[in-house]
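The values are calculated or read from the model by the stated rules, or taken from the named source; none is laboratory data. Note that the structure is a prediction, hence the values are computed from the model and not measured. Every residue, glycine among them, receives a Cβ derived from its backbone with ideal geometry; neighbour counts consider all protein chains shown. Heads up: the accessible areas ignore ligands, DNA and RNA and are worked out on the full protein's heavy atoms, side chains in. Shrake-Rupley method; radii C 1.70, N 1.55, O 1.52, S 1.80 Å.
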Amino acid sequence: MARIDLKVPFSEKDEAKSLGARWDPSLKTWYIPEGVDIAPLAQWLPVTEHADLEHGPEFCVRAPYYYVMESVSDCWGCSNLTRVFSFKLPEQHEEFDYYEDEDEDFALTSNLGEWKCHGYRGTVSNIASLSPLVTKQIHHFTNKFKQAYSKTVGSRYLMNHCENCGAKLGDFFMHSEPGGAFFPTSPQEAQRMTLIRINERFDANCSVGFASEDFFDWMQVREEP
Ligand SMILES: [Zn+2]
């Protein structure tokens, strides 16, 4: 677990220090080092103020740049191989986290929250909507990435379709099954994937999947065409 920053008033710094907090002179903040018990220091954990929260945005996932990710999948319809697409987001990507108050009534009606960065690379799936800018980019690569209804999910999302027969290729098998088009389990499987870096904003309503080993270094990375 990474360290946790604290908000310690100057007058309480000696007490915090005696309970295990340490001072980071470069960031000018007290923090809980790894391995130190959080409980005695919990009174100084930063509290999110209502005033700091924003209203829910149009798109709940954003990144300063991204990669169009191309891979290959078997088609269940015609048994041929087809190109399939998704997106890879850099560590800087952020997800909008709706605020949940302990008061349940508030949580039910709240449209407030804050942007959170988890600091890991993510693979995008179950895309309900994409910004016009990102839509334009993906259309440079394929016209087979389009809205379709998924019985598995019970809703519509932007789905790959076979380039040979037009069959729907749902996200579940490609993203959630080990060895699927977007779930490499070895360097060899990652090598069939190409990432094209797009130096534009990414905005979407989607899920962002995390893998502890995503074999990123074996994927072929290209700059924007
Ligand atoms: Zn097919």
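Here are some notes:
- Remark on the chain: Rg and Dmax equal 21.6, 71 Å (Cα only).
- Positive minus negative residues near THR82 (Lys, Arg vs Asp, Glu; Cβ under 13 Å): +1
- In the context of the full set of protein chains, the stretch 22-103 has a per residue accessible area of 58 Å² (1.4 Å probe).
- Cα centroid separation, the stretch 1-80 to the stretch 177-223 (Å): 24 Å
- For a straight C-alpha distance cut-off of 17 angstrom, the lysines reachable from LYS88 (same-chain residues fewer than eight places away being disregarded) are LYS136.
- Spatially proximal lysines relative to LYS168 (Cα-Cα < 18 Å; intrachain offsets below 8 disregarded): LYS144, LYS146, LYS151
- Kirkwood radius and radius of gyration were both taken over the C-alpha atoms of the stretch 1-88, and their ratio Rg/Rh is 1.30.
- Rounded to 0.05, the FRET efficiency of the ASN80 and ASN143 pair, given R0 = 22 Å and the Cβ-Cβ distance, is 0.80.
- With R₀ set to 45 Å, the beta-carbon distance separating VAL47 from VAL72 gives a calculated FRET efficiency near 0.40.
- With every protein chain in place, the stretch 55-222: carbon and sulfur % of accessible area (1.4 Å): 48 percent
- Expressed in Å, the radius of gyration and Dmax of the Cα atoms of the stretch 134-219 are 13.8, 35.
- ALA42 sits among other residues whose Cβ lies under 14 Å from its own Cβ, and their net charge, with Lys and Arg +1 and Asp and Glu -1, is -3.
- In Hz, Karplus ³J(HN,Hα) per residue of the stretch 167-173 (6.51, -1.76, 1.60; θ = phi - 60°; x = Gly, Pro): 4, 6, 10, x, 5, 3, 5
- In nm, spacing of pseudo-spin labels at LYS17 and SER176 (7 Å Cα→C-beta vector): 5.2 nm
- Partners for LYS13 among lysines (Cα-Cα distance below 17 Å; same-chain residues under 8 apart left out): LYS28
- Formal net charge of residues neighbouring THR29 (Cβ-Cβ distance under 15 Å; K, R +1; D, E -1): +3
- CD proxy at 222 nm, helix term only [per DSSP H run n ≥ 4: -39500 (n - 2.57); per residue of the chain; nearest 500]: -3000 deg cm²/dmol
- Rolling a 1.4 Å probe across all protein chains gives ILE198 an accessible area of roughly 0 Å².
- Straightening the chain between SER129 and VAL36 buys 29.2 nm, computed as 0.36 nm per residue apart minus the Cα-Cα spacing.
- In Å², nearest 10: area of TRP218 left accessible to a 1.4 Å probe: 110 Å²
- Dipole magnitude for the chain: about 1240 debye, using +1 per Lys or Arg Cβ and -1 per Asp or Glu Cβ, origin at the Cα centre.
- Gaussian network model of the chain, Cα within-10 Å springs - most flexible of SER71, SER131, SER26: SER26
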